Amino acid sequence: MTRRWEIAVLAIALAVAGLVTLALVFAGPSTYEALARDTGFAPATFHIADDRGVSRTEPVELPRLLDLHERWLAYVSGRADAPPSEPGVVLFTADEYAHMADVRRVFVAFEVAAAIGGIAAILLVARVAQRGRRAAFALLRAAAVAAGAGAAVVAVGAAVAFDPLFLLFHQVLFPQGNFLFDADSNLLAVYPDPYWYGVTLRVGLAFVVAMGVIAIAAAATLRRGHR
């Protein structure tokens, strides 16, 4: 018999491990390039100051945006020690760098949580499998349905009310409130709303599909074993 706490723990573990992994997958350059082309946020306009304090606007084409994105991604995911910068010019403000340093801390913490979640999921399924293969597959089916249903609710909410949910997400993870920037922010030019909307929906949809595949496969295995 599958216990409720086992379903809850496995569903949470699947959600944390799966969503973080998919976030890393869809944070890659191919998704950024596709969204930039599809939504038209490239080329962007940067407001740049040189080391003498002289400001200018400058068009930034997709290759440069893509390079900045890859460098920011390497920084916030812990693969690079320093954020992107260019000699002789001020690309991003001190507040923007401070926010991305906070993003780095949160993102690395989520990466650690995802690894723990993956290990916890494996150990829990192995533990339940000691009661029999049917118990393990029943647990997988129930947990995948629960995790997928939860993600589907959030995805639907994001599809119809993305801005309030995105703001709430930032208020929870960054209560210090340093995530609000002026409309001419270069960081917002690299990461405009269409980028976040597209990535969020891709991650949510991919996770729901993955959980559906797990649930269907587990259910099919249970049916075959019942014959």
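Coordinate-derived values only; no laboratory data. What you are looking at is a predicted structure, and each value in this text was computed from that prediction instead of being measured. Every residue, glycine as well, gets a Cβ built from its backbone with ideal geometry; the counts of neighbours run over all protein chains shown.
Scanning segment 83-128 for residues that are among the hydrophobic types (A, V, I, L, M, F, W, C) and in contact with a strand residue (DSSP E or B) (Cβ under 7 Å, 6 or more places away or on another chain) gives Val89, Val90, Leu91. In segment 128-151, the condition of being more than 16 Å from Leu10 (Cα to Cα), in a helix (DSSP H, G or I) and free of Cβ contacts under 8 Å to residues at least 40 places away in the same chain is met by no residue. Among the candidates Ala143, Ala147, single out the residue that is aliphatic (A, V, I, L, M), within 19 Å of the chain's Cα centre (by Cα) and either more than 30 Å from Ala219 (Cβ to Cβ) or surrounded by 16 or more Cβ atoms within 10 Å (Cβ to Cβ) (or both). Answer to the check: Ala147. None of Val60, Val20, Val103 is surrounded by 13 or more Cβ atoms within 10 Å (Cβ to Cβ) and over 19 Å from the mean Cα position of the chain (by Cα) except Val60.
If you go through segment 70-79 one residue at a time, do you hit one that is closer than 16 Å to Ser185 by Cβ, surrounded by 13 or more Cβ atoms within 10 Å (Cβ to Cβ), within 18 Å of the chain's Cα centre (by Cα) and hydrophobic (A, V, I, L, M, F, W, C)? Yes - at least one qualifying residue is present in segment 70-79.
Just to be sure I understand, how many residues within segment 26-57 are charged (D, E, K, R), surrounded by 10 or more Cβ atoms within 10 Å (Cβ to Cβ) and either under 24 Å from Trp196 (Cβ atoms) or free of Cβ contacts under 8 Å to residues at least 40 places away in the same chain (or both)?
Residues meeting the conditions: 4.
Does Leu168 qualify as being over 29 Å from Val106 (Cα atoms) and within 28 Å of the chain's Cα centre (by Cα)? Here the answer is no, as Leu168 does not meet what is asked. Residues considered: Arg52, Arg104. Of these, the only one that is charged (D, E, K, R) and in contact with a helix residue (DSSP H, G or I) (Cβ under 8 Å, 6 or more places away or on another chain) is Arg104. Of all residues in segment 154-183 being part of a helix (DSSP H, G or I) and touching a residue at least 12 places away in the same chain (Cβ under 8 Å), which is surrounded by the fewest Cβ atoms within 10 Å (Cβ to Cβ)? Top of the filtered list is Asp163.
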